Amino acid sequence: MKYILATTLLTIALAPCSAAFAGDAGHGQKVFQEECSDCHSVMTGKNKKGPSLFNVVGRKSATIADFNYSDAMKAKNIEWSIETIAEYIKAPKKSVPGGKMKYDGLDDAKAREDVVAFLATLK
Ligand code: HEC
């Protein structure tokens, strides 16, 4: 009985934390491999068709020095966050018109949340 009560209290205490970290980084890594890894590396300094996404959360847009960004991306001038990346990958061509990320977008909101949670671990 005591054990059940303790477990219940613990669950209640932890619930708000799991709500704040809704994205599942483990699943996000799989999404990344399927959707993004053709064009993006997660290693620092390694660009493919797209710039390295190491440490991208908290980085200003278009700031990898040896990557040739589109003028549209250079003009965007924002800080990449959980929210701004999720918004971008939902519809890259709408979010950055004239940008050169040739990707139609990730329709599934949960997959977007998870992949961004994965990107946030790359530090
Ligand atoms: C077909 C290749 C391709 C795919 C697939 C792709 N990207 Fe990109 N990505 C690019 C290119 C190219 C750029 C540079 C865009 C520009 O300069 O307009 C870019 C830019 C970005 C940026 C901005 C980086 C910076 O330094 O400002 C982010 C964030 C990003 N991609 C995330 C993703 C995520 C997450 C996925 C998977 C859901 C993905 N991309 C899939 C090619 C791709």
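Quick check on region 15-30. Is at least one of its residues more than 12 Å from the chain's Cα centre (by Cα), among the acidic types (Asp, Glu) and either at pLDDT below 95 or in a loop (DSSP other than H, G, I, E, B) (or both)? No, because not a single residue in region 15-30 is more than 12 Å from the chain's Cα centre (by Cα), among the acidic types (Asp, Glu) and either at pLDDT below 95 or in a loop (DSSP other than H, G, I, E, B) (or both). Pairs linking a residue in region 62-74 that is within 15 Å of residue 48 (Cα to Cα) to a residue that is open to solvent by 100 Å² or more (accessible area, probe 1.4 Å), with Cβ atoms under 6 Å and 6 or more positions apart or on different chains, are 62/74.
Return the total of residues in region 76-120 being open to solvent by 80 Å² or more (accessible area, probe 1.4 Å), within 13 Å of the chain's Cα centre (by Cα) and under 18 Å from residue 22 (Cβ atoms). Don't jump to the end; show me each part of the working.
Within region 76-120, the first condition is being open to solvent by 80 Å² or more (accessible area, probe 1.4 Å), and the residues that meet it are 77, 79, 83, 87, 90, 93-94, 97, 100, 102, 104, 107-108, 110, 113.
Checking the rest, the ones that are also within 13 Å of the chain's Cα centre (by Cα) come to 79, 83, 87, 90, 110, 113.
Okay, now just the ones that are also under 18 Å from residue 22 (Cβ atoms), so 83, 87, 90, 110, 113.
Result for region 76-120: 5.
With respect to (1) over 17 Å from residue 103 (Cα atoms); (2) open to solvent by 70 Å² or more (accessible area, probe 1.4 Å); (3) assigned to a loop (DSSP other than H, G, I, E, B), the lone exception for residue 45 is condition (2).
Of the residues making up region 62-85, those that are more than 9 Å from the ligand (Cβ to nearest atom) and not in a loop (DSSP other than H, G, I, E, B) are 75, 79, 82, 83.
The values are calculated or read from the model by the stated rules, or taken from the named source; none is laboratory data. Source: prediction; values computed, not measured. In this analysis, Cβ positions are derived from the backbone assuming ideal geometry, glycine residues included, and neighbour counts consider all displayed protein chains. Please note that ligands, DNA and RNA were not included when accessible areas were found on the heavy atoms of the full protein model with its side chains. Shrake-Rupley method; radii C 1.70, N 1.55, O 1.52, S 1.80 Å.
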